[in-house]
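Inspection log for the structure reproduced underneath, given as C-alpha cells.
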Amino acid sequence: MLSCTLLSSVMEIHTNEKEVTEKEVTLHLLPGEQLLCEASTVLKYVQEDSCQRGIYGKLVCTDFKIAFLGDDDSALDNDETQFKNKVIGENDITLHCVDQIYGVFDEKKKTLFGQLKKYPEKLIIHCKDLRVFHFCLRYTKEEEVKRIVSGIIHHTQAPKLLKRLFLFSYAAAAQNHAATDPRNHTVMFDTLKDWCWELERTKGSVKYKAVSVNEGYKVCERLPAYFVVPTPLPEEDLSRFQGHGIPLWCWSCHNGCALLKMSALPKKEQDDGLSQMQKSFLDGIYKTIHRPPYEIVKTEDLSSNFLSLQDIQTAYSKFKQLFLIDNSTEFWDTDIKWFSLLESSSWLDIIRRCLKKAIEITECLEAQNVNVLLLEENASDLCCLVSSLVQVMMDPHCRTRIGFQSLVQKEWIMGGHSFLDRCNHLRQSDKEEVPVFLLFLDCVWQLVHQHPPAFDFTETYLTVLSDSLYIPIFSTFFFNSPHQKDNVGRESQDTQSKPLNLLTVWDWSVQFEPKAQMLLKNPLYVEKPKLDKGQRKGTRFKHQRQLSLPLTQSKSSPKRGFFREETDHLIKNLLGKRISKLINSSDELHDNFREFYDSWHSKPTDYHGLLLPHIEGPEIKVWAQRYLRWIPEAQILGGGRAATVSKLLEMMEEVERLQEKIDARPHGQGALLAEAPLLLRGSARLSALFPFALLQRHPSKPVLPTSGWKALGDEEDLAKREDEFVDLGDV
C-alpha cells in the first residue's frame, strides 16, 4: 500500500512533465544489448541508514549491465556539473564490474551465489570500481524478485566462455554505425612500422632491430607478431624454446643503454638440467647483450627478488574493504581504526616497493650506464609494471596522453599481460585475479600527484582508464594476448560477411563529450622545462582518514601500528606529522641508490627530463579520487582540488581572452577551453571528489565509539587546533 502511494505521488508531481519522465525511465540499450530480466517497485536507497530514504524504480539486468531506472531521477540531473559517461549511466553497473553480491535476510547480510532456496529482502552489490548499491525488494512481487536476483547472480558470477562476451555482440551489431578514429594517434604496435618508429624515436636502432619472425604467431602465441631484439641475434634462434630465453627490447636511454625483458626457460627444462645445446644458446644470448660499449648487464629477477602476485592480490583484497562502505555509521565506526587498517593492508607499501624498484633500475640506466634485463616467468606481469614505470620516469613522451597510451599498448597489450585472467572477466578462476594494471595506475598517480606539471593528463584520466577495465565494448582489456584477439577475429570473419570492428578504449569520444574530455587534460602541464616551484601541502579532510601513513614502518614490526593504542588518535596523528620529519628511512636503501635519489631531489625539477617520486613514509598516499569518490563523508564540499582547478581554468580563460584581444584574432582557438569552467563553477554541489561524486549523501552525525572525540571538541575546533599545532611547530 505504501509503495502504491509513493508511486502515485511521483506520477502526480510529473503530470506536466510526461515526456521528460518517460525519457528518464526508458531503458536505453546499446547495439546488440538484450534485456534479460527486470523487477518493478524496487527501492534504491540513497542513504542506507535508519532513515532508509530512497527512490522507487525498476531494476533490470541485460547481457551488458545491471541498471536502475528511477521514477524520479529529474532531481538528480544537473547538466551543468555532470561528468557523464555516454556508455555507462550513474545507476548502471556492467556485469564485469560486479565484485560481490550480498543479500539481507532478517537483518543479516550473507554472500549470494549459486541457486537460492530463499530470496533476500535487500540486495547489496559491491562493484570493482568501489561503488556500493542497496536495493530493497520488500515491495516487489515475489516472482519478479526470484527472476531478478537469480538473473543477476547467474550473469555476474557464473563462468563464461570468451565467445559469449558482450564485446562480440556489440561489435557485430555496431558494424553499420558511424565509424570513429580508433587509434586517435595512439601507436598501437601492431605493425612492423610502429616498432621501427619507436626505435627511431628512442635512438635504439643502432643496436636493435624489429623482426617479423612471429607473423602468424608461428614462433609463440604469447608474443606479439612483431617485436624488437638485439641486432646480432640470428632470427633462427628466436624460434627455439617458444620465445623463452629471448631478450626483448623495451626502451633505449639517451646514453645508449637499454631496458630489456626476458621470460625464463620452462621449469621442466630447468629442473632436468640444461642440455649442451640450451647452454650454448643461452651463452650466445648473454654474449649478445654484453657487447660493447656496455659490457655490463644487470639482471633483475622479478620472480624471486621482488613482489609476488599473491602479495598484490592479498594486499588489495584487504585494501579495497576500507572503501566498500555501506553507511555513515560504518564509516565512522572504522574511522577510529583507519591507520591500523591501512597499514595492515600493505597496499601503500607495495606501491612504495614498486616505485623503489623502478628508481633502482633508472639509476642503473641513467647513472651507471648499464643495460638492465628484467627476468620473469612469462615476462607479462611484473615486467610490464616495472618497465612501464621506468619509462614514465625517464621518458617525457610517456607523460603525454598519446605517449602514455602508446606505452600501455607496447608494454601491456602487446607485452601479453593477461587482462582476461587478471581481471577475471570470465569468472573462471578467482586465484588468477590480480590487479597488476591497477597497481601500475596507482604508482603513476603517485607521480602525477607529486609532480602535476610534468603530466599532460590528469588524475581523472587515470581514474576513468581504471574504470574502462570493466566496460566490455572495448577490446583493449579483454584478451590475454594479441594472438587471442586475432584468433577470435579470424573466427568471426568465417561466420560473418566482414570482420568485427573491435573498439579500442583510446577513442575517448565513445565515452565522453568534448566538454567532458577537457577534464582529462591537465591545464598545468608545462610545454617547456621550468624550475620547480615547490609542492603544495595536501588538503586535510575533517574526518581522520589521512591519505598516507604517518611513518615508514620499521622492519622489526611490519604488522604493528605506528601507535600502540588507537585512543586519542587525532592528537597522535598530529604528532606523527612532526615526528616523521625527523626520521630517516635510508637504512634500507643501498648507497648508490641513496646518492642518486638524494642528488636528484636536491636539484630543481626538470619536468621534461628525469622524474623521480618521493617514496618515504607519508609521501605515498591513497589515491583519493578513485578510492574515496563514492563516499560522501570523505568529500570536502566546495573545496579541495576541484576548487583549485576551477580557479585555474577561470584564470586561463581570462588570460586567453586578453591574449585574443591583443592579437586581434577571432574567438576560435580558445572556445573549447572556455567551456571547461562551466563544468566546475556555479554549483553548490561541487566537492573535492569532482567530477565523480556529485550527489552527496547527507551524512548523519558521527557516532564514534570513543570518549576522546567529545573531549577534543567538534570538527572545526579540531581543524583549528591542528593548524595551530602546525604553526607552532614551524616557529
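Being without any contact (Cβ under 8 Å) to a residue 60 or more places away in the chain and of a type outside the set (A, V, I, L, M, F, W, C) is the filter here, so list the residues in the range 401-414 that pass it.
403
Open to solvent by 50 Å² or more (accessible area, probe 1.4 Å) and at pLDDT below 85: does that describe residue 603?
no
Quick one: which of 153, 148, 124 is under 30 Å from residue 625 (Cβ atoms) and either of a type in the set (Val, Ile, Thr) or in contact with a Ser or Thr (Cβ under 9 Å, 6 or more places away or on another chain) (or both)?
None of the other options fit; the residue is 124.
If we scan the range 567-574, do we find a residue that is of a type in the set (A, V, I, L, M), open to solvent by 30 Å² or more (accessible area, probe 1.4 Å) and modelled with pLDDT under 75?
yes
What's the total number of residues in the range 212-231 that are among the charged types (D, E, K, R), farther than 17 Å from residue 380 by Cβ and either surrounded by 21 or more Cβ atoms within 10 Å (Cβ to Cβ) or in contact with a strand residue (DSSP E or B) (Cβ under 7 Å, 6 or more places away or on another chain) (or both)?
Number of matching residues: 0.
Name, by its number, the condition in (1) at pLDDT 90 or above; (2) open to solvent by 20 Å² or more (accessible area, probe 1.4 Å); (3) over 25 Å from residue 192 (Cβ atoms) that does not hold for residue 269.
Residue 269 satisfies every listed condition except (1).
Which one is farthest from residue 426 (Cα to Cα) among residues in the range 91-120 that are open to solvent by less than 50 Å² (accessible area, probe 1.4 Å) and of a type in the set (D, E, K, R)?
92
Among the candidates 322, 407, 382, single out the residue that is aliphatic (A, V, I, L, M) and out of contact with any helix residue (DSSP H, G or I) (no Cβ under 7 Å at 6 or more places or on another chain).
Answer to the selection: 382.
Find the helices (runs of 4 or more DSSP H) located wholly in the range 125-201 whose residues include 3 or more that are at pLDDT 95 or above and closer than 18 Å to residue 405 by Cα, and list them.
The helices (runs of 4 or more DSSP H) meeting that bar are 192-201.
Which of the residues that make up the range 207-222 are touching a residue at least 40 places away in the same chain (Cβ under 8 Å) and in contact with a Ser or Thr (Cβ under 8 Å, 6 or more places away or on another chain)?
207, 208, 221, 222 - these are the residues of the range 207-222 that are touching a residue at least 40 places away in the same chain (Cβ under 8 Å) and in contact with a Ser or Thr (Cβ under 8 Å, 6 or more places away or on another chain).
Only one of (1) open to solvent by 10 Å² or more (accessible area, probe 1.4 Å); (2) hydrophobic (A, V, I, L, M, F, W, C); (3) closer than 22 Å to residue 158 by Cα fails for residue 469. Which number is that?
(1)
With the checklist (1) farther than 18 Å from residue 443 by Cβ; (2) aliphatic (A, V, I, L, M); (3) at pLDDT 95 or above in hand, flag the one item residue 392 doesn't pass.
Against the list (1) farther than 18 Å from residue 443 by Cβ; (2) aliphatic (A, V, I, L, M); (3) at pLDDT 95 or above, residue 392 comes up short only on (1).
Matching residues to (1) out of contact with any Lys or Arg (no Cβ under 9 Å at 6 or more places or on another chain); (2) modelled with pLDDT of 95 or more:
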site: 300; (1), (2): no, no
site: 309; (1), (2): no, yes
site: 313; (1), (2): no, yes
site: 328; (1), (2): no, no
site: 336; (1), (2): yes, no
site: 346; (1), (2): no, yes
site: 354; (1), (2): yes, yes
site: 358; (1), (2): yes, yes
site: 369; (1), (2): yes, no
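Looking at the range 273-289, can you tell me whether even one residue there is at pLDDT 90 or above and either surrounded by 17 or more Cβ atoms within 10 Å (Cβ to Cβ) or in a loop (DSSP other than H, G, I, E, B) (or both)?
Checking the range 273-289: not a single residue is at pLDDT 90 or above and either surrounded by 17 or more Cβ atoms within 10 Å (Cβ to Cβ) or in a loop (DSSP other than H, G, I, E, B) (or both).
Being open to solvent by less than 10 Å² (accessible area, probe 1.4 Å) and closer than 24 Å to residue 601 by Cβ narrows it down to one residue among 462, 420; which is it?
Just a single option satisfies the conditions, and that option is 462.
Quick one: what pairs do we get from the range 135-155, first residue under 20 Å from residue 107 (Cα atoms), second in a helix (DSSP H, G or I) and not hydrophobic (A, V, I, L, M, F, W, C), C-beta under 7 Å, 6+ apart or different chains?
Cβ pairs passing all conditions: 139/3.
Residues are listed down the side, and each one gets a yes or a no for (1) in contact with a strand residue (DSSP E or B) (Cβ under 8 Å, 6 or more places away or on another chain); (2) modelled with pLDDT under 75; (3) hydroxyl-bearing (Ser, Thr, Tyr):
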{"residue": "623", "(1), (2), (3)": "no, no, no"}
{"residue": "627", "(1), (2), (3)": "no, no, yes"}
{"residue": "633", "(1), (2), (3)": "no, no, no"}
{"residue": "649", "(1), (2), (3)": "no, yes, no"}
{"residue": "667", "(1), (2), (3)": "no, yes, no"}
{"residue": "671", "(1), (2), (3)": "no, yes, no"}
{"residue": "682", "(1), (2), (3)": "no, yes, no"}
{"residue": "686", "(1), (2), (3)": "yes, yes, no"}
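Test each condition in (1) among the aliphatic types (A, V, I, L, M); (2) open to solvent by 70 Å² or more (accessible area, probe 1.4 Å); (3) at pLDDT 95 or above for residue 75 and report the one that comes out false.
(3)
In the range 337-380, which residues are assigned to a loop (DSSP other than H, G, I, E, B) and either crowded, with 17+ Cβ neighbours inside 10 Å or in contact with a strand residue (DSSP E or B) (Cβ under 7 Å, 6 or more places away or on another chain) (or both)?
346, 370, 377, 378, 379, 380
Every residue, every condition in (1) closer than 30 Å to residue 256 by Cα; (2) touching a Gly at 6+ places or on another chain (Cβ under 7 Å), yes or no:
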residue	(1), (2)
304	yes, no
310	no, no
313	no, no
361	yes, no
370	yes, no
380	yes, yes
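Among the listed residues 215, 235, which satisfies the condition of being modelled with pLDDT under 90, more than 20 Å from residue 406 (Cβ to Cβ) and of a type in the set (D, E, K, R)?
235
Please enumerate the residues belonging to the range 108-124 that are part of a loop (DSSP other than H, G, I, E, B) and within 26 Å of residue 88 (Cβ to Cβ).
112, 113, 120
The values are calculated or read from the model by the stated rules, or taken from the named source; none is laboratory data. This is a predicted model, so every value here is computed, not measured. Every residue, glycine among them, receives a Cβ derived from its backbone with ideal geometry; neighbour counts consider all protein chains shown. Surface areas here come from the heavy atoms of the whole protein model, side chains and all, with no ligands, DNA or RNA. Shrake-Rupley method; radii C 1.70, N 1.55, O 1.52, S 1.80 Å.
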